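Working notes, beginning with the structure itself.
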Amino acid sequence: MTAAAERRRGLGPVAAHLLFAVFLACMAVATSAGPAPVDAVLEGRVRDVAVRLRCTVCQDRTIADADSGLAMDLKAEIRERLSAGETVAQVTEFMVARYGDFVHYKPPLKSITWLWAAPFVLLVGGLGALLVMLQRRRGGETRPPASVP
């Protein structure tokens, strides 16, 4: 086989790989583009609601800041409800009814939310009991032994 024939034969796989790489790059750009905001006022209201709610997947981020699939869906749900005429309070009530008080980024203080403090209360109580036990033990060792008559 001649050198020219080998060069032509080797060009096919290189071109195919190059074409595939361009295709993947185009797909990545096409899927990462989000929906264009239609109404700036509506988007501002969506942002105001989304900042107050927690992403239940990320848990340490608000819906507005999270980029998970669920956060995107929840933002779309908020947008739909606000554009349908619901108030911010109604949208928030819907989210709480669906996901519970945990969806609030700053949950309200209720009797059930006091249970979140239980591990800390138990820890402090256990440390207090340990300190009392150690003080009693230390106090027992420093006393002089009782003399036997």
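The values are calculated or read from the model by the stated rules, or taken from the named source; none is laboratory data. Remember, predicted model here, so these are calculated numbers, not experimental data. Quick reminder, even Gly has a Cβ in these numbers, built from the backbone with ideal geometry, and neighbours come from all protein chains shown.
Look at residue 65 and say whether it is surrounded by 11 or more Cβ atoms within 10 Å (Cβ to Cβ), assigned to a helix (DSSP H, G or I), under 16 Å from the mean Cα position of the chain (by Cα) and not aliphatic (A, V, I, L, M). Criteria not met by residue 65. Just so you know, in the stretch 106-137 the residues that are in a helix (DSSP H, G or I) and modelled with pLDDT under 85 include one that is nearest to residue 51 (Cα to Cα), and it is 113.
Please pick out the residue among 88, 57, 103 that is within 16 Å of residue 42 (Cα to Cα) and either touching a residue at least 40 places away in the same chain (Cβ under 8 Å) or in contact with a Ser or Thr (Cβ under 8 Å, 6 or more places away or on another chain) (or both). Please lay out each step first, then the result.
Working: 57 fails: within 16 Å of residue 42 (Cα to Cα); 103 fails: within 16 Å of residue 42 (Cα to Cα).
It is 88.
So if I check each of 54, 9, which one is surrounded by 10 or more Cβ atoms within 10 Å (Cβ to Cβ), at pLDDT below 70 and not aromatic (Phe, Trp, Tyr)? It is 9.
Pick out the one residue from 42, 70, 82 that is more than 30 Å from residue 115 (Cβ to Cβ), modelled with pLDDT under 90 and assigned to a helix (DSSP H, G or I). Spell out the reasoning first.
Numbers: 70 fails: more than 30 Å from residue 115 (Cβ to Cβ); 82 fails: modelled with pLDDT under 90.
42 is the lone residue from the list that is more than 30 Å from residue 115 (Cβ to Cβ), modelled with pLDDT under 90 and assigned to a helix (DSSP H, G or I).
Only one entry in 91, 103 is at pLDDT 90 or above and touching a helix residue (DSSP H, G or I) at 6+ places or on another chain (Cβ under 9 Å), namely 91.
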